[in-house]
Structure formats: structure tokens, C-alpha cells
Amino acid sequence: MPLVLEGLVSTLAAAGGPHLAPMGPHVPGPDFDRFTLRPFSSSQTYHNLRAHGEGVLHVTDDVLLLAKAAIGAADPPPAFEPAERVRGWVLADCCRFFEFRVAAIDESEPRVRVEAAVVRAGRRRDFFGFNRAKHAVVEAAVLATRVGLVSVEEIAAEYRRLAVIVAKTGGPDEHAALALLQAHVDRASGVA
């Protein structure tokens, strides 16, 4: 069974710049030359991939950037460099990246199935390592994208649990990320 790797995908936006979104591709293992993306058919990432057929998958430990991208607030935008083998953009501060081309698209379900073939892989820096707060922020970011699909009570209960983990083991970026996500969830659910 393939692993789900939490990462960030950059695609080519209509104006030519990067569009960044969190994505959990299905990968066969740590060394891979293919993977599967499952964006919603309404997502900008899907529309960009449909239009251009290329992108870059990034592995990063920057959970603040992941949180910002999850709620559409990666402002100011992170630094990017042009990709070498695809028309696209590589995050300057990622750990690893995988430039890819779309090999096939199955649009028969609301979550589109995009089969991607890696055409170039690279490494920028070491991964920080395992940290409970970083994992908690990733879970909170996933929940933030599910507002309207998951009950407000369920999200609130999970955020209370995740907040304890971040308080005990997080640094400034993890605290800022969770606060940003909590504010988004509160606004989206009508609490704030």
C-alpha cells in the first residue's frame, strides 16, 4: 500500500508565477519516480495541472508555510527558483523536491486522480527531524481544509488536543502556525 506523504505542490498559475498548495500524494516509498495526487476537481491546483500538466512536489519541515498555504495565506510568498525540467517553480528552502509531468488524469470522482511521473529530483537541505508539534500543525492544517466537511465540534475537539502538543513541544513557528489555523477555523465556522 502506498504511503501518503504530506508536502507542498507548486503549479504554474495563469499569470506564470507559482501557485502553492498542500497536497498529500500517494507515493510507493522513500525513493520514487511516480506518485498520485488527489486534488478536488474545484481546486486551483487541479485546474493548473489540467492546463499545464507540470508541477513540483516539495518535501519540507516548514509547517508555518504549510499552514499558510492550507488556508490560502502564503503572504508574503516564499522564495522560489525556476524548475529545470518543467515549466514551474521550486521552493528555495525545501528539503527535497520532485519536478513532475502529468502522465494521466482520471476525473470520474470529485477527488481527481492525477498520475505524475518524476522527471527530476533534488535536495536543498536536511530535514529537521521528528517533532510532535510539527506533526500536530500538519494535522491542524488538514482539518482547516475540511471546514464544512467535518463538524465544527469535531474540529474544535481535535484542535484542543493538538494545542496541548504544540504548547509542550513547539517553537515560535509551530505556535504561529497553530494560531493562524485556529483563527481561520474560527472565521470559517462563524465562531469569530
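The values are calculated or read from the model by the stated rules, or taken from the named source; none is laboratory data. Computed from a prediction, not measured in an experiment: that's the story for all the values here. Counting neighbours? That spans all protein chains shown, and the Cβs are built from the backbone with ideal geometry, glycine included.
Scanning segment 1-50 for residues that are over 15 Å from Val142 (Cβ atoms), charged (D, E, K, R) and assigned to a loop (DSSP other than H, G, I, E, B) yields Asp31, Asp33. Among the conditions (1) under 26 Å from Ala15 (Cα atoms); (2) at pLDDT 95 or above, the only one that Arg111 does not satisfy is (2).
If a residue has to be in a helix (DSSP H, G or I) and in contact (Cβ under 8 Å) with a residue 24 or more places away in the chain to count, how many in segment 164-174 make the cut? Of the residues in that region, 6 qualify. Scanning segment 129-143 for any residue that is in contact with an Asp or Glu (Cβ under 6 Å, 6 or more places away or on another chain), in contact (Cβ under 8 Å) with a residue 40 or more places away in the chain, assigned to a strand (DSSP E or B) and buried (at least 20 other Cβ atoms within 10 Å of the Cβ) turns up nothing.
Only residues in segment 75-94 that are in contact (Cβ under 8 Å) with a residue 60 or more places away in the chain count as the first member; pair them with residues that are part of a loop (DSSP other than H, G, I, E, B) and of a type in the set (Ser, Thr, Tyr), Cβ under 8 angstrom, at least 6 apart or cross-chain, and list the lot. Note: pairs meeting the criteria are Leu91/Thr60; Cys94/Thr60.
Residues that are in contact with a strand residue (DSSP E or B) (Cβ under 9 Å, 6 or more places away or on another chain) and polar (S, T, N, Q) were ranked within segment 40-81; the one that is surrounded by the most Cβ atoms within 10 Å (Cβ to Cβ) is Asn48. Among the conditions (1) hydrophobic (A, V, I, L, M, F, W, C); (2) in contact with a helix residue (DSSP H, G or I) (Cβ under 8 Å, 6 or more places away or on another chain); (3) surrounded by 16 or more Cβ atoms within 10 Å (Cβ to Cβ), the only one that Val150 does not satisfy is (3). Among the residues of segment 10-24, not a single one is touching a Phe, Trp or Tyr at 6+ places or on another chain (Cβ under 9 Å), assigned by TED's automatic domain parsing to the domain that holds Ala67 and more than 17 Å from Pro78 (Cβ to Cβ). Scanning segment 147-176 for residues that are aromatic (Phe, Trp, Tyr) and farther than 18 Å from Arg187 by Cα yields no hits at all.
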